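Have a look at the structure below, then the notes.
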Amino acid sequence: MRKPVTVTRPFWQGVFPPDTLDYWAGLINPAWSLSRVRARVQSVTPASRDAVTVVLKPNRRFAGFVAGQHLAVHVTLDGVRHTRSYSPSRLPDAPECLAITVQRVPGGRLSGYFCDQAAAGDLIELGDAFGDMTTATHARHTLLLAAGSGITPFIAQLRELALSPRSGQESLTLLYWVRDRASACFTDELDALTRSLPGFRWQLRVTGDPADSAAASRLSAADLANWLGGRHAASAAVLACGPAGFVSAAHGLSSALGVTCLGEAFSPPAQGEAGEPVRVRLLRSGRELSIPAGQALLPALEAAGVKPAFGCRMGVCNTCACAMPEGVVENLLTGEVSQEPSSALKLCVSAARSALVLDC
């Protein structure tokens, strides 16, 4: 497995502005950069009816990733820089490349570009790898719950596991929800993995076609209870990736059974009803604001004229994370309420439940 490495900055980067260095390097070769990770599109192929797999070859500034993590992908379209997060996979036959699978989002500017316009030779920019969805096979019994494009971090890990099985893994089950079969990705590969990966099995769950043989309802307590069976909860773990509501349901159902659940959502959390205004003090600017309790802090701060850095807006990339020395917040993905001081409060998925002090 290729491990992330630390990139050491040469001394001259402290002398010359990075943008100046990149400008001159780009005149020689557009893919070259002395400070940024640029990647050239190698191929774009269909992955399902509404998704494509894009193979990218990054430059030498790329520090690598762990299977299950995400990368921030930056593309400038019509003069506007767009950023989204995608889960990369390694390619055994092309170790210098990586692949991302992009599902079309109605009205999505970046997904529309990849599905309709991206072609071999295009240049894009990559951010650092991030995310905690890297432990799919660390428990004796693991249940993977994927909805839609939430399959991508799991296929990356399953590919790695097929190359190097881990001892102590007794069962690994994937339940994969899609609207219809034409929307499902990697089905042939998943079938092949059941033959090559000991203890692995998977099921397709189709929610939008009652006539399909795989027709099923959405995630339920019965799914988890049937899977857990006679297993001890301490030896089991659930990982969920999909829309915010799906991940939230997985957290709640797992908690009720006493099973550890790790989840990542790829859509913004549902906003609660606005509560009474609370005071928020910003340490860096010294400003004091009044924002509604119960709503995500990132859009609430933006509405008050504060512009924190952000990336995915879904609680994955940590771009909007800041310290919270004082206050009570609710995680809108899990419903967890915390009053512990935090060094990495995610503004996009956290709502105020009291007056706050934020280091931003």
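Some points to look at:
- Normalised by the number of residues in the chain, the average gap of Cα pairs under 8 Å and 6 or more apart makes the relative contact order 12 percent.
- Summarised as an ellipsoid, region 53-99 has semi-axes of 21, 12, 10 Å, derived from the eigenvalues of the Cα gyration tensor scaled by 5 and square-rooted, with the largest first.
- Global geometry of region 124-234, whether rounded, prolate or oblate, following the gyration tensor of its Cα atoms and the 1.5 cut on a/c: oblate
- Evaluated over region 38-131, the Cα radius of gyration and Dmax, each in Å: 12.3, 36
- Values of log10 I(q)/I(0) for region 223-340 across q = 0.12, 0.16, 0.19 Å⁻¹ run -0.53, -0.84, -1.07, by the Debye formula with one identical scatterer at each alpha carbon and no solvent.
- Translational diffusion of the chain, µm² s⁻¹ [Kirkwood Rh, Cα pairs; Stokes-Einstein; 20 °C; 1.002 mPa s]: 97
- Sequence of R49, R90 when ordered by accessible area, the most exposed leading, probe 1.4 angstrom: R49, R90
- Test item: Cα-centred dipole of the chain, Lys/Arg +1 and Asp/Glu -1 on Cβ, debye: 580
- Counting only protein chain heavy atoms and rolling a 1.4 Å probe, the accessible areas of S164, S338, S254 rank, largest first, as S164, S338, S254.
- Relative intensity of region 217-262 on a log10 scale, I(q)/I(0) at q = 0.17 Å⁻¹, equals -0.42, per a Debye sum over C-alpha point scatterers of equal strength in the absence of solvent.
- Computed with a 1.4 Å probe over protein heavy atoms only, the accessible area of T101 comes to about 20 Å².
- Shape box of region 59-215 [Cα atoms, principal axes, largest first, Å]: 50, 41, 26
- Inter-probe distance in nm under a simple model that places probes 7 Å from Cα toward Cβ, at T260 and R49: 3.9
- Counting heavy atoms of the protein chains alone, R287 has an accessible area of about 100 Å² for a 1.4 Å probe.
- Proximal charge balance of A146 [Cβ under 12 Å; K/R count +1, D/E count -1]: 0
- Sorted peptide list for 238-249, 348-359, 214-225, 123-134, criterion being average Cβ within 10 angstrom, highest first: 238-249, 348-359, 123-134, 214-225
- A cysteine counts as unpartnered when no other cysteine's C-beta lies under 4.7 Å of its own; in the chain this applies to C97, C115, C185, C241, C261, C320, C348.
- Look at the alpha carbon pairs under 8 Å that are at least 6 residues apart: their mean separation over the length of region 43-172 gives a relative contact order of 29 percent.
- Residue order by solvent-accessible surface for K57, K307, K346 is K307, K57, K346, largest first, with ligands and nucleic acids left out and a 1.4 Å probe.
- Distribution of pairwise C-alpha distances over region 282-360, 10 Å bins, in %: 21, 62, 18, 0
- Calculated FRET efficiency for the pair S354/L91, C-beta based, R₀ 30 Å, to 0.05: 0.05
- Computed from label points 7 Å out along Cα-Cβ, the spacing between A120 and A309 is 3.6 nm.
The values are calculated or read from the model by the stated rules, or taken from the named source; none is laboratory data. What you are looking at is a predicted structure, and each value in this text was computed from that prediction instead of being measured. Note that we place each Cβ from the backbone using ideal geometry, even for glycine, and neighbour counts take in every protein chain shown. For the accessible areas, the whole protein counts, side chains as well, though only heavy atoms, and no ligand, DNA or RNA atoms are used. Shrake-Rupley method; radii C 1.70, N 1.55, O 1.52, S 1.80 Å.
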